[in-house]
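Chemist: Quick one: the structure is below, and I'll ask about it shortly.
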Amino acid sequence: MPKNDLVLLAFDDSQVLPLFERALAAASYSVAIAQDRKALDQALQESTPALLIIAEKLGGGDGLAISAELLERFPTLPILLFLHADSPQTVKKALHIGMSDVLAPPLKIGSIEQAVANSIRRANRIGDWTRREVRRTTASLQQRLDDMQKLDIVINHIEDGVIILDEKTHILLINPAARREFGLWKEDELGGKPALELIPHPDLRTLLTTGANNSLPHSEITFDDGRVLSAQYTPIPGIGAAITLQDITHLKQIDRLKTEFVHTVSHDLRSPLTAILGYVELLGRIGPLTDQQKEFVHRVTASVQNITALVNDLLELGRIEAGFDSQKETIPLEGIISYTIENMRPQISERKQQLRLELPEQIPSLRGNPIRLRQMLDNLIGNAIKYTPEGGNLSVEVEVQDGQVILRVADSGVGIPPADQPHIFDKFYRASNVPKGVGGSGLGLAIVKSIVDNHHGRIWVESVIGEGTTFIVVLPTYRPEDTRPTK
Ligand code: ADP
């Protein structure tokens, strides 16, 4: 039996009031009475009744209308409607607006008690369920909040820089490591601002523009003081993008030392190699050679030629990386492509491969070094021929878009395993699936990458093992205003 639950009686009818009071007292309820609308509002403000019993008419007001209003304000308050005479239509309306029950004559103490108990029990059940649900949702929200706090702590403590951007490249989050790198110290100046306004670094601008086009997930950000950051752009659907930054200054320094060392060694190797080749060639002239001697001479020559090619590649790479090609001229790309392809025709037909060439009617000129661009094409098309079985397909396509030339060199060859793809532009790297007998030094793509970098372009690969490979190069076209001196 409920103990002292408060039942509020909103009645102005003194005839039935004593009966209700008696019935409720017998069942140990506390009772409060409101005889008009004002008193009712006040009672609801000052107490929390377990049930409201309202008469059909209250101080000239309509009990149903008042109940509808109260249920808007107190949706969990059970309200019982007391009717002077049974009316199925009013009952229907009462239940429709969400009242818990209706009481009509003949009234008996037992029936009042039962209706009150039922309404309060039902309301308690709903209340319990709501409280449980609220507890459950709050717990799961708290868990999420805890997870987010943990994530926040992790992001704030890691040594790598992290910048999270929204879809308009405004900063949502920038961790202390990233702030340090860009010399941003005050926390309050960062949130919600456009990233490029806060960090007007040209390399970041390039990363954001190209990242948004999904064409360059990774690039480098260099500073005047010699620091170099490796920047990874990752689009995040529904949020924007994340940029992670890693300081690779020391790796760059090691790389430079290694390059200098390799350059010196290659240089020193060139003269003895030329001498060996010269003397080996002389052997045949100083007297007749046996077949076996001829075979040995042939092998020595082939090996020396291989080493010479490698040394030449290394020296080339050293020169390109050192930026010795700063002299740039206006280049009609179309001419370079046709020239390169014509030179490679014999190789292509020897391997019975089909080459498809797709050029737009007009390709805007580029600014750069024609010899290097030819070398780039030579290496890409040469690889396509080399890594595609006899009878396969090759294609060279050019597309012009937004002031950029997009060159695609594709083949239907062996493909490159996903695990190798991030490394193929590294020096001496060869993929794990290079077919037996296919020679190479692993320097060709490193040369290509350096040439593309020197021309302010980008290069990446798309490849499926066993289906083929496409190298995509994007180069900026030449705009005469680019060469005007800046103020
Ligand atoms: P290599 O002298 O070995 O050809 P590159 O630097 O030109 O060196 O290329 C690096 C590696 O990338 C190659 O060894 C090969 O594994 C892979 N590769 C380059 N181009 C292709 C291609 N078109 N198809 C398949 N693999 C390729």
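Any read-out appearing in this document is the output of simple, stated calculations on the displayed coordinates, not a laboratory observation. This structure is a prediction, so every number in the text was calculated from the model and none was measured. Cβ: placed from backbone, ideal geometry, glycine included. Neighbour counts: every protein chain shown.
Chemist: Report the label-to-label distance for Asp291 and Ala65 in nanometres (one decimal), using points 7 Å from each Cα along the Cα→Cβ vector.
Modeler: The modelled label-to-label distance comes out at 12.1 nm.
Chemist: Further question on the same structure: Please report, in debye to the nearest 20, how large the charge dipole of the stretch 158-247 is about its Cα centre when each Lys and Arg carries +1 at its beta carbon and each Asp and Glu carries -1 there.
Modeler: 200
Chemist: Further question on the same structure: Would you list Arg458, Arg179 from fewest to most Cβ contacts within 10 Å?
Modeler: Ascending Cβ contact count within 10 Å gives the list Arg179, Arg458.
Chemist: What whole-number distance in Å separates the alpha-carbon centres of the stretch 38-69 and the stretch 252-307?
Modeler: Result: 106 Å between the Cα centres.
Chemist: Can you find, among Ile286, Ile336, Ser303, the residue farthest towards the positive end of the dipole of the stretch 286-363? Put +1 on the C-beta of Lys and Arg, -1 on that of Asp and Glu.
Modeler: Checking the options against the dipole of the stretch 286-363, the answer is Ile286.
Chemist: Let's test the formula: R0 of 51 Å, r as the Cβ-Cβ distance of Tyr279 and Ala242. What FRET efficiency results, to the nearest 0.05?
Modeler: 0.25
Chemist: Please report the net charge: other residues with Cβ closer than 11 Å to the Cβ of Ser463, K and R +1, D and E -1.
Modeler: Net of charged neighbours comes to -4.
Chemist: Let me ask something else about it. When the distances between all Cα atoms of the chain are binned every 20 Å from zero, what whole-number percent does each bin get?
Modeler: Binned Cα distances yield the sequence 17, 30, 17, 14, 16, 5, 1, 0.
Chemist: For the chain, what does the helix formula give at 222 nm: sum of -39500 (n - 2.57) over DSSP H segments with n ≥ 4, over the residue count, nearest 500 deg cm²/dmol?
Modeler: It lands at -15500 deg cm²/dmol.
Chemist: Place +1 on the Cβ of every Lys and Arg and -1 on the Cβ of every Asp and Glu in the chain, take the dipole about the Cα centre, and give the residue among Val396, Tyr478, Gln42 whose Cα lies farthest towards its positive end.
Modeler: Highest projection toward the positive end goes to Val396.
Chemist: Another one. How do Thr222, Thr90, Thr469 line up, fewest other C-beta atoms within 10 Å first?
Modeler: Thr222, Thr90, Thr469
Chemist: Between Glu197 and Thr470, how many nm apart are label points set 7 Å from Cα along the C-beta direction?
Modeler: Those two pseudo-labels are separated by 3.8 nm.
Chemist: Let me ask something else. Could you compute the FRET efficiency for Gln253 and Arg205, with r as their C-beta to C-beta distance and R0 at 45 Å, rounded to 0.05?
Modeler: The value I calculate is 0.95.
Chemist: With label points built 7 Å along Cα→Cβ from the Cα atoms of Trp185 and Thr48, find their separation and express it in nm.
Modeler: 5.2
Chemist: Going by C-beta contacts inside 10 Å, put Ser303, Ser230 in order with the fewest on the left.
Modeler: Ascending number of Cβ neighbours within 10 Å: Ser303, Ser230.
Chemist: Moving on. What FRET efficiency would be calculated for the residue pair Val154, Arg299, taking the C-beta separation as r and a Förster radius of 60 Å, to the nearest 0.05?
Modeler: Taking R0 as 60 Å, the efficiency between Val154 and Arg299 is 0.55.
Chemist: Taking the Cα centre of the chain as the origin, how large is its charge dipole in debye, to the nearest 20, when only Lys and Arg (+1) and Asp and Glu (-1) carry charge on their Cβ atoms?
Modeler: 660
Chemist: List the GluC sites (Glu not before Pro) within the stretch 364-440 that DSSP assigns to loop and that have no more than 10 neighbouring Cβ atoms inside 10 Å.
Modeler: Of the GluC sites (Glu not before Pro), the ones in loops of the stretch 364-440 whose Cβ has at most 10 other Cβ atoms within 10 Å are Glu390.
Chemist: On a 24 Å Cα-Cα criterion, which of the cross-link pairs Lys328/Lys386; Lys352/Lys386; Lys258/Lys386; Lys258/Lys449; Lys57/Lys92; Lys193/Lys252 come out too long?
Modeler: The pairs that break the limit, which is 24 Å between Cα atoms, are Lys328/Lys386; Lys258/Lys386; Lys193/Lys252.
Chemist: How large is the translational diffusion coefficient of the stretch 252-322 in µm² per second when you combine the Kirkwood radius over alpha carbon pairs with Stokes-Einstein at 37 °C and 0.692 mPa s?
Modeler: 239
Chemist: Between Asp147 and Ile126, what is 0.36 nm times their sequence separation minus the Cα-Cα distance? Round to one decimal in nm.
Modeler: Working it through step by step, the gained length comes to 4.4 nm.
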